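Structure first, then comments.
Derivation of every value follows stated rules applied to the coordinates shown; laboratory data play no part. If you're wondering where the values come from, they're calculated on a predicted model, not measured in any experiment. A quick note on method: Cβ atoms are made from the backbone with ideal geometry, for glycine too, and the neighbour counts reach across all protein chains shown.
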Ligand SMILES: [Zn+2]
């Protein structure tokens, strides 16, 4: 799943190519992906694009009249074309969810692999009409998001920090992968309760969060969409690396399997060498 750094790179890529152009056509192939009906998708045709923005993991293409908003979810992706194929878009089993053509012939497909479909497309007059955007917490990478703000959010929350970091209503844009990376960088157990962090641990976690996301944004920046997923995977230190060696301490990276999600951590770096139980983490699944 693309998270804040990849979505940010995608937004920069699209902003450069879309701003100043107009939508020529938008064709839905996966009806279930379109979550709104008023205004209709066709209302965007002919509209000039004013800019492309990010809200958490949502991409927002702004026009004078309405916004095209999408969330790629777990298995969704964007494929860019300098010349969009002329083949007709038919609803069916293909991974294609939406095809967008611009007035210069360029455009993109939104695609989604697998059978569980959760890619979401919205056409709204105001981005706050997208429920997932309306409930987003603060952007953890914002210049004015301070250590005090962070400490204020953690204080009193009897929630495991792994779950808290990836809760979109608490911090916008962090998912399963970067929460693993942040906790590894901070050398903290995913199961620690936010309310129990010492001021020192809170500061370490804040710095790890900011640094990890900034490093990842630097890795993603300037890359075309086709390269973003691999670049993200290569830069991971623990996430997705079960059984591999921790580059910090040499221990073997372990995983916890929880419902339909797994996460990784290093016992020596993060949990005093102790393996974590699978069932302790109660707030991970969203
Ligand atoms: Zn380690």
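Here are a few things to note about the model shown:
- The chain - Rg (one decimal) and Dmax (whole number), Cα, Å: 19.9, 59
- Estimated 222 nm signal from helices in the chain, with DSSP H stretches of n ≥ 4 weighted -39500 (n - 2.57), rounded to 500: -8000 deg cm²/dmol
- The stretch 110-211, Rg to Rh (Cα coordinates; Rh as Kirkwood inverse mean 1/r): 1.03
- Nearest-ten-degree value, helix 176-186 long axis tilted from longest Cα axis of the chain: 40
- Here the ratio of the Cα radius of gyration of the stretch 48-118 to 2.2 N^0.38 Å is 1.16.
- Helix 4-18 and the long axis of the chain differ in direction by around 20°, with both axes built from C-alpha atoms.
- Mean separation of Cα contacts under 8 Å, 6 or more apart, over the residue count of the chain: relative contact order %: 18
- Taking the chain as a Gaussian network of alpha-carbon nodes connected by springs under 10 Å, the highest mean-square fluctuation of the residues 31, 174, 182 belongs to 31.
- Angstrom value of the Kirkwood radius, inverse mean 1/r, which spans all Cα pairs in the stretch 147-270: 14.9
- With Cα atoms, 0 to 90° folded angle of helix 225-235 axis to the chain main axis: 0
- Within the listed set 254, 48, 93, the Gaussian network model of the chain (springs between alpha-carbon atoms below 10 Å) gives the highest mean-square fluctuation for 93.
- Of the residues 27, 234, 166, the one that moves most in a GNM of the chain with alpha-carbon contacts below 10 Å is 234.
- Inter-label distance, residue 211 to residue 258: 2.4 nm, where each label sits 7 Å from its Cα along the C-beta direction.
- Sorted on the mean count of surrounding Cβ atoms within 10 Å across their residues, most packed first, peptides 115-122, 98-105 read 98-105, 115-122.
- The stretch 4-134 shape via C-alpha gyration tensor axes, a/c threshold 1.5: rounded
- Compactness of the stretch 10-49 was expressed as the Cα radius of gyration divided by 2.2 N^0.38 Å, which yields 1.31.
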